[in-house]
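In what follows, a structure is listed as structure tokens, so that the remarks can point back to it.
The values are calculated or read from the model by the stated rules, or taken from the named source; none is laboratory data. All values reported here derive from a predicted model rather than from experimental measurement. Cβ placement follows ideal geometry from the backbone for every residue including glycine, while neighbour counts extend to all protein chains displayed.
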Amino acid sequence: MYFDSHAHYDDESFDEDREALLTSMPLKEVEFIINAAAHMTSSYEGIALADKYPFIYCSVGVHPHEVKDLEEHNIEELRRLSMRDKVVAIGEIGLDYYYDLSPRGAQKKWFIKQLELAVEVALPVIIHSRDASQETFDIIRQSGIKEGVIHCFSGSVELAKEYVKRGFYIGIGGAATFKNARKIVEVVKEVPIEHILVETDAPYLTPTPFRGKRNDSSYLKYVVEKIAEIKELDNLAVSDITCQNARRLFKI
């Protein structure tokens, strides 16, 4: 059985077949899915999906691309949403200095405020970090947050080990199957399997051999196979251990 620790089924690319696709997931051995929020609207949409499907849980939070539109009252709104039964994390939050779709000052301000919220409501965090690895780590360390996952990890082996020391998990997705994935392969090799989560980031980052098509949780098996190959483990052992890891982090 598979646990997709990061997907976006509220995305418009699923509008035409969302129900049929999600209904099929248990038949494809997908046991749990975390629908990760990207902004205020998707926080509500993720809760609606979690309420409808027993195997879906969700996070609430605002992605660094979207924080330029945040206001103080939104933090109180997220605090209220975080109390819902199937909300299991604050996220997807962090820094993105690759696209810079929000000013960097705003990204840091609202990242810190959402980390403070996570500490207050005692929920783990789902972290987005792109071209901001060290600054993301420094802000997390200063926040005191001790539970979370670094989604779609793209940093160094050394940084991954520092996150593991803090009790964090490393999110591994379809990018691990790409031909140019040397850095990710090294991270998978060096990080203990007990600190790895598998994810799709659906509809994005579809693994080889389906790269270029819309991603969904049924493709998790290709991520699991790659991790098993790198770590010289059985596929079933990888799917079982990563599922246990996610259940432990999200308290499911």
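Restricting the stretch 176-222 to residues that are assigned to a loop (DSSP other than H, G, I, E, B) and aromatic (Phe, Trp, Tyr), the residue that is surrounded by the most Cβ atoms within 10 Å (Cβ to Cβ) is 204.
For the stretch 144-175, the candidate set comprises residues that are basic (Lys, Arg) and in a loop (DSSP other than H, G, I, E, B); within that set, the residue that is nearest to residue 229 (Cα to Cα) is 166. Among the residues of the stretch 26-82 satisfying the criterion of being at pLDDT 95 or above, over 28 Å from residue 240 (Cα atoms) and surrounded by fewer than 14 Cβ atoms within 10 Å (Cβ to Cβ), which is nearest to the chain's Cα centre (by Cα)? Taking the candidates together, the pick is 41. Taking residues in the stretch 71-84 that are under 11 Å from residue 40 (Cβ atoms), and partners anywhere that are β-branched (Val, Ile, Thr) and surrounded by 10 or more Cβ atoms within 10 Å (Cβ to Cβ), the pairs with Cβ atoms closer than 8 Å and at least 6 places apart or on different chains are 74/62; 78/60; 78/62; 78/90; 81/47; 81/60; 81/87.
For the stretch 1-23, which residues satisfy the criterion of being surrounded by fewer than 17 Cβ atoms within 10 Å (Cβ to Cβ) and in contact (Cβ under 8 Å) with a residue 40 or more places away in the chain? Even if it seems obvious, please write down each step before you answer.
Taking the stretch 1-23 as the starting set, the residues that turn out to be surrounded by fewer than 17 Cβ atoms within 10 Å (Cβ to Cβ) are 1, 12-13, 15-20, 23.
Within the stretch 1-23, 1, 13 meet the criteria.
Hey, can you tell me all the residues within the stretch 225-252 that are touching a residue at least 60 places away in the same chain (Cβ under 8 Å) and under 13 Å from residue 193 (Cα atoms)?
Passing the criteria: 239, 240, 242, 243, 245, 246.
Taken over the stretch 100-138, residues that are more than 17 Å from residue 82 (Cβ to Cβ) and either surrounded by 20 or more Cβ atoms within 10 Å (Cβ to Cβ) or among the charged types (D, E, K, R) (or both) amount to 14.
Just checking, which of 151, 128 is in contact (Cβ under 8 Å) with a residue 24 or more places away in the chain and either of a type in the set (S, T, N, Q) or in contact with a Pro (Cβ under 8 Å, 6 or more places away or on another chain) (or both)? Before you say what the answer is, go through the steps one by one.
Details: 151 fails: either of a type in the set (S, T, N, Q) or in contact with a Pro (Cβ under 8 Å, 6 or more places away or on another chain) (or both).
After applying the criteria, what remains is 128.
Quick one: how many residues across the stretch 183-209 are closer than 28 Å to residue 146 by Cα and without any contact (Cβ under 8 Å) to a residue 60 or more places away in the chain?
Initially, the stretch 183-209 is screened for residues closer than 28 Å to residue 146 by Cα, giving 183-202, 204-205.
This time we only want the ones that are without any contact (Cβ under 8 Å) to a residue 60 or more places away in the chain, so: 183-196, 205.
Counting residues in the stretch 183-209 that are closer than 28 Å to residue 146 by Cα and without any contact (Cβ under 8 Å) to a residue 60 or more places away in the chain gives 15.
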